[in-house]
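The numbers here are math on the coordinates, done by the rules we state, and not lab data. Keep in mind the model is a prediction, meaning the values are calculated, not measured.
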Amino acid sequence: MRQRLSSEPDRYRGRRRVPTPPRSRYAAVVTTAFVGAGIVALGANALPDAKSVSPSVLDELRQASVTSQDAAARADSADRATRDERAGKTAAEQDVWLLPLHGYDFQSPYGMRWGKLHTGVDLVAPEGTPYTAIHDGMVTKAGWFGGYGYAVIVQHADGSEAIYGHSSAVTVKEGQQVKAGQQLGLVGNTGHSYGSHLHLEIHVKGQPVDPVAWLKDPSRGVDIQLEVEAVYSEVAAS
């Protein structure tokens with residue numbers, strides 16, 4: 001039996017081993033999808049050494065890093081746009097002023113009537129017609145209010161107040177926050193009233209003002225005498 005020389009390599013005995021192929025280019029690309037965020041954080045210096053990775057795979061790794069950064073930038077931009085849009089809508093909603101109802105007859109304007117100051121306007125409508133808040137605010141009164149009959153008073157953020165009188169019923173409670181256009185009650189004929197109508201008053205610093213002139217101010221844009229709301233004009237124009 002021949003003796004093996006110490007310099008002779010040892011022969012492999014048994015089944016022949018099948019060499020394991022190197023990772024495919026596809027596998028390398030898929031891997032970068034999972035570790036893309038890590039590559040972005042580590043920067044370009046963390047990319048594999050060009051000596052140990054083929055140029056084509058290295059290019060794909062770099063492209064994956066750039067793509068991840070672009071996607072993150074687009075997502076952040078979209079998120080900022082959504083936040084800005086929500087903030088804009090919130091601000092716009094807070095600035096909305098509306099008519100309290102529609103299809104009414106404007107009667108008895110603000111001014112002297114029968115030797116006394118009529119401190120509001122009367123909007124004639126059938127009994128039971130729902131009426132709504134002209135602006136956001138907090139309900140400070142909801143119930144019987146002397147000559148106003150059943151009434152609702154809403155205080156706005158600017159300190160002004162709207163009084164809705166002669167209701168047949170109120171549908172809100174004191175302390176409740178309401179939005180412009182939210183139902184407050186039903187038109188009626190209670191208190192010192194002659195026929196079914198909504199009596200609307202505006203108080204500024206505790207004193208009544210002419211609702212027609214005050215609501216027509218450009219900052220509010222409501223013509224209660226002609227039944228026009230600025231918000232609808234803007235929608236129609238767009």
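Amide H contacts of Ser168: Gly128, Leu186, Val187, Gly188, Asn189, each under 5 Å away and 5 or more positions distant or on a separate chain (H built 1.01 Å from N in the peptide plane; Pro and chain starts excluded). Sequence-ordered 3J(HN,Hα) estimates for the stretch 97-113 from the Karplus curve with 6.51, -1.76 and 1.60 and θ = phi - 60° stand at 10, 10, 6, x, 6, 10, x, 9, 9, 7, 9, 6, x, 5, x, 6, 8 Hz, glycine and proline given as x. Rg and Dmax, both from the Cα atoms of the stretch 142-238 and both in Å, are 14.2, 45. Between Glu174 and Trp114, the contour length at 0.36 nm per residue exceeds the alpha carbon distance by 18.3 nm.
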